[in-house]
Amino acid sequence: MSKRRKLFLYVIFAGFAIAVNLLTQRLVLSINESNLIFFAALFSGTTFGLIVKYFLDKKWIFLDKRKGLKYQSGKFGIYTLMGIFSTVIFWGFETIFWVIWQKENMRELGALIGLCIGYSIKYRLDKRFVFNQG
């Protein structure tokens, strides 16, 4: 696969995972906007976005065809570990935007900025440490 096509797909998949993440957060935040619910929304959105992104990246970006529960569990564990870096960036931006403006659209803007930065870092980590195929 060409680098241009891989970049295109990665951006599309990141956009899809961001949409899953933010829609999940909206669902959770529809309960109320207390601090506890805010953190539950962050966690829920991140979890669903991570799962979706893992399977898309595995199949289409890194062309990893291996199967099996043991293999998948190990890969997903490492993938999640690499996601800690991008999650800290994402949660940091989203939380800072929420604390400053206390508006949903600004919270989501912070999340979007954080996710874009985080995903660009995560790609490099995943390529090197998760799907290195070697």
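Here are the numbers for this structure:
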quantity: Residue-averaged [θ]222 nm for the chain, counting only DSSP H segments that reach four residues, each worth -39500 (n - 2.57); calculated: -27500 deg cm²/dmol
quantity: Candidate lysines for bridging to Lys58, where Cα separation is under 23 Å - those fewer than 8 sequence places away on the same chain excluded; calculated: Lys3, Lys6, Lys67, Lys70, Lys75, Lys122, Lys127
quantity: Cut-off of 10 Å, at most 14 other beta carbons, DSSP loop: longest stretch of the chain lacking such trypsin sites (Lys or Arg not before Pro); calculated: 1-64
quantity: Solvent-accessible area per residue for the chain (1.4 angstrom probe, square angstrom); calculated: 61
quantity: Correct option for Cα extents along the principal axes in Å [calculated from the coordinates] among [x] 38, 27, 27; [y] 46, 32, 20; [z] 53, 39, 18; calculated: [y]
quantity: Neighbourhood charge, 14 Å Cβ-Cβ cut-off, centred on Leu125 and excluding it, Lys, Arg +1 and Asp, Glu -1; calculated: +4
quantity: Stretchable slack from Lys59 to Arg5, in nm (0.36 nm times residue separation minus alpha-carbon distance); calculated: 18.0 nm
quantity: Span from the the range 1-68 Cα centroid across to the the range 69-117 one, whole angstrom; calculated: 9
quantity: Calculated from backbone phi, Karplus (6.51, -1.76, 1.60) coupling profile of the range 27-37 in Hz, x at Gly/Pro; calculated: 4, 5, 5, 5, 5, 5, 10, 5, 4, 5, 5
quantity: Ile117/Ile37 FRET efficiency (R0 30 Å; Cβ-Cβ; nearest 0.05); calculated: 0.75
quantity: Percent carbon-and-sulfur accessible area, the chain, ignoring ligands, DNA and RNA, probe 1.4 Å; calculated: 71
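The values are calculated or read from the model by the stated rules, or taken from the named source; none is laboratory data. Just so you know, these numbers come straight off a predicted model, no measurement behind them. Here the Cβ is made from the backbone with ideal geometry for all residues, glycine too, and neighbour counts use every protein chain on show. For the accessible areas, the whole protein counts, side chains as well, though only heavy atoms, and no ligand, DNA or RNA atoms are used. Shrake-Rupley method; radii C 1.70, N 1.55, O 1.52, S 1.80 Å.
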